[in-house]
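Only one structure is covered here, and it is reproduced in the block below.
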Amino acid sequence: MAAMVIFALATVAIALVAWPPGAEAHLVTTGLGPVYDGLLHFAVAPEDLIPVLALALLAGLRGPAHGRWALLVLPAAWLVGGWFGLAAHSGGGPVLPAISLIVLGVLVAADAPLPVVATMGLALALGLWRGYVNGTAMAVPGPGGVGLVGVAVGVFALVAIIASLVVSLKAAWTRIVVRVAGSWITAIGLLLLGWGLRSKS
Amino acid sequence: MGRSSLGVACPGARSRLALLLRAILLAILSWAATAEAHVEGGEAGGFLAGLAHPVSGLDHVLAMVAVGLWGAQLGVPALWVLPVTFPMVMALGGMAGLLGLPLPGVEIGVAASGVLLGLAVMSELRPPLGAAIALVAAFGVFHGHAHGTELPSGESALFYSIGFVAATGCLHGVGIAIGLIHARPWGRKVLRAAGAVVAIGGLFFLWRAVA
């Protein structure tokens, strides 16, 4: 009886490990449709994710009004910037992304007491610029303008989740954790700036 | 011939064992590696390389853990200000290293950081917050510069940087977590002993750097 159980288990194990996955070299169709392609593009692109995360942390630290404006302005600016980017061909090098990380990271780490209009300005600038870069990457034959909608949805969702989470933090140590995250973002930006300048020189 | 749990010869036990061994062998042999044709491995490689770099040298590890230990010993706000300061200034030093800006005595500075931070923990040194920040920041420049000049080319810069900073922060976190034993009477002694270990380690690396 025990031998049969072992045999059955071994057979199942062999079947599982020997099950061949599909060979997917030179894929023709990997897409999920342009909207979800755009959404996934945002989800797997840290050069977009991290500055949006930093802005959401900053808006959350500053309070609900900042969070609401960031939620509105950032995805809208992203779409506008992306629309211009669709007609362009070059998205720029790593220096500007590095500077954006440094600026936003320092503001988060310092828990800078910005007015709402400053948060809106940062959201506008970040959205227009990163949207533009996304647009250049998504121009046809890429997902195109519909893909930008997916990106904007991703930006909206991330800002909504992170900013609301940070707004809800009351304990002092939790806000410190957010500020530590800001220092990490700054450090990443500084290293990225070094890489970018080295590759230029 | 196999034996049962009572020590009696048991042909069934042996055959079951053989069957099991064969099944394991077959499973190992059939384990298919993923076919990675045309894979862009730079990103993953960059992140893992960045994650591994700060922990690849014991001199760096000792100093970074010591920053966390000292912060925990000093309490709030040094508890979080020091680990916030160190990665930022270290990244600044890393940037200088990447750009090829010279900094004399880097290895000596790195080793000295272990000695002085270890001594600070061992003696429960309590300088003003500004002085503690300045000390940690100065050492951060040396550590960052050493890392910056060693950073490999051909990796994904952003992923590498993320891994690098995350590993550094986690080392501080380890130091803080260990340092929390400071709240207990026996913990204070253990922490001071840990500081002595860090200082001795730093002395070893200082001797190597100078020799």
With every protein chain in place, the range B:74-211: carbon and sulfur % of accessible area (1.4 Å):
75
How high is the relative contact order of chain B, given as a whole-number percent (alpha carbon pairs under 8 Å, six or more residues apart)?
34
So for the protein assembly as shown, what are the equivalent ellipsoid semi-axes in whole Å, largest first, each being the square root of 5 times an eigenvalue of the Cα gyration tensor?
41, 37, 22
Accessible area lost on pairing A with B, both sides, 1.4 Å probe, Å² to nearest 100?
3000
Could you check how much of the accessible area of chain A is carbon and sulfur, as a whole percent, using a 1.4 Å probe?
77
The answer for the net charge of residues other than B:GLY57 whose Cβ lies under 13 angstrom from its Cβ, with Lys and Arg +1 and Asp and Glu -1, is -2
Checked the range B:71-211 against the a/c 1.5 cut and the a/b vs b/c comparison, axes a ≥ b ≥ c from its Cα gyration tensor; verdict prolate
Under the Karplus relation 6.51 cos²θ - 1.76 cosθ + 1.60, θ = phi - 60°, what is the ordered set of whole-Hz ³J(HN,Hα) values for the range A:77-86, x standing for Gly and Pro?
5, 4, 5, 5, x, x, 4, 5, x, 4
Please calculate how many Å² of accessible area chain A carries per residue, with a 1.4 Å probe and no DNA, RNA or ligand atoms counted.
49
How many nm is it between the label spots at B:LEU29 and A:ALA18, if each spot is 7 Å from the Cα in line with the beta carbon?
1.0
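The values are calculated or read from the model by the stated rules, or taken from the named source; none is laboratory data. Not measured: the values here are computed from a predicted model. All Cβ positions, glycine included, derive from the backbone under ideal geometry; neighbour counts span all protein chains shown. Side chains are part of the model used for accessible areas, which takes the heavy atoms of the whole protein and leaves out ligands, DNA and RNA. Shrake-Rupley method; radii C 1.70, N 1.55, O 1.52, S 1.80 Å.
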